[in-house]
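All of the numbers you see were taken from the coordinates with simple rules; none came from a lab. Here the structure is a predicted model, which is why all the values come from computation and not from measurement. All Cβ positions, glycine included, derive from the backbone under ideal geometry; neighbour counts span all protein chains shown.
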Amino acid sequence: MELTKRLREEPIRHLPLSAPIVISEDTPISKLTHLLADGNRGCLLVEKNGYLHGLVSERDILCKVIEKKLSEDEPASVIMSTELKTLNPDETLDKAIKVMTSGGHRHVPLVDVDRRILGIISAKNIIDYISEHFPAEVFNLPPRLDQKMATKEGA
């Protein structure tokens, strides 16, 4: 019960989050994979006039660029997602988990009330927090041999 209580109370801002990689919507697709790999990130935030405008994830590149055989000269705006769920850093980890699980997101941008980019939270950030603060609960879980993933991505 302690874990559930902590997740309901702990603000996102207390996590050690990495600074997001921010690009413009005209960044060419050819540069996106290098930015993701070099920064060891799963997504890039797209900024326009100082505000969050979109997000490009690894999945966007796989599903939209490779499947549709888009040119690497195309801009990020062709593949970016613009219908984004966002959070404020003062919201709780519980809220972040709900947003991620309800929308199937692994990354959620953190913005202020005006949609200025403040950061990004990932599922990995939450898993790291739980395993660091509640190691006994994580490492002592019995295996579930009958468990099957609902999607081929597994998350």
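Dipole magnitude for the chain: computed about the Cα centre from +1 point charges on Lys and Arg Cβ and -1 point charges on Asp and Glu Cβ, it is near 360 debye. For each pair in LYS31/LYS64; LYS31/LYS95; LYS31/LYS124; LYS69/LYS95; LYS64/LYS124; LYS68/LYS98, compute the distance between the two Cα atoms and list the pairs where it is over 26 Å. From LYS31/LYS64; LYS31/LYS95; LYS31/LYS124; LYS69/LYS95; LYS64/LYS124; LYS68/LYS98, over 26 Å: LYS31/LYS95; LYS69/LYS95; LYS68/LYS98.
With the convex hull drawn around the C-alpha atoms of the chain, the volume per residue stands at 128 Å³.
When the Cα positions of PRO75, GLY39, ASN125 are compared along the charge dipole of the chain, ASN125 comes out farthest toward the positive end, with charges on each C-beta of Lys, Arg, Asp and Glu. Here the contact order of the chain, divided by its residue count and restricted to Cα pairs under 8 Å and six or more residues apart, works out to 25 percent.
Using the Karplus relation 6.51 cos²θ - 1.76 cosθ + 1.60 with θ = phi - 60°, the per-residue 3J(HN,Hα) values for the range 72-78 come to 6, 8, 4, x, 4, 4, 5 Hz, with x marking Gly and Pro. Here's the picture: charge each Lys and Arg Cβ at +1 and each Asp and Glu Cβ at -1 in the chain, and of LEU110, LEU93, ILE29 the one pushed furthest to the positive end of that dipole is LEU93. Of the residues LEU62, LEU110, LEU87, the one that moves most in a GNM of the chain with alpha-carbon contacts below 10 Å is LEU62.
Comparing ASN88, ASN49, ASN125 in a Gaussian network model of the chain, where Cα atoms under 10 Å apart are tied by springs, the biggest mean-square fluctuation is seen for ASN49.
Across all Cα atoms of the range 6-86, the radius of gyration (one decimal) and Dmax (whole number) stand at 14.1, 46 Å. For ASP146 and ARG8, what is the calculated FRET efficiency with R₀ set at 35 Å and r taken between the beta-carbons, to the nearest 0.05? That pair, ASP146 with ARG8, gives E of 0.75. Summed over qualifying helices (DSSP H, 4 residues or more, each -39500 (n - 2.57)) and divided by its residue number, the chain shows a 222 nm mean residue ellipticity of -8500 deg cm²/dmol.
Once the other residues with Cβ under 14 Å from the Cβ of ASN49 are scored (Lys, Arg +1; Asp, Glu -1), what is the net sum? Once positives and negatives cancel, what remains is -1. Note on LYS69 and ASP26: their simple-model spin labels are 2.9 nm apart, each label 7 Å out from Cα toward Cβ.
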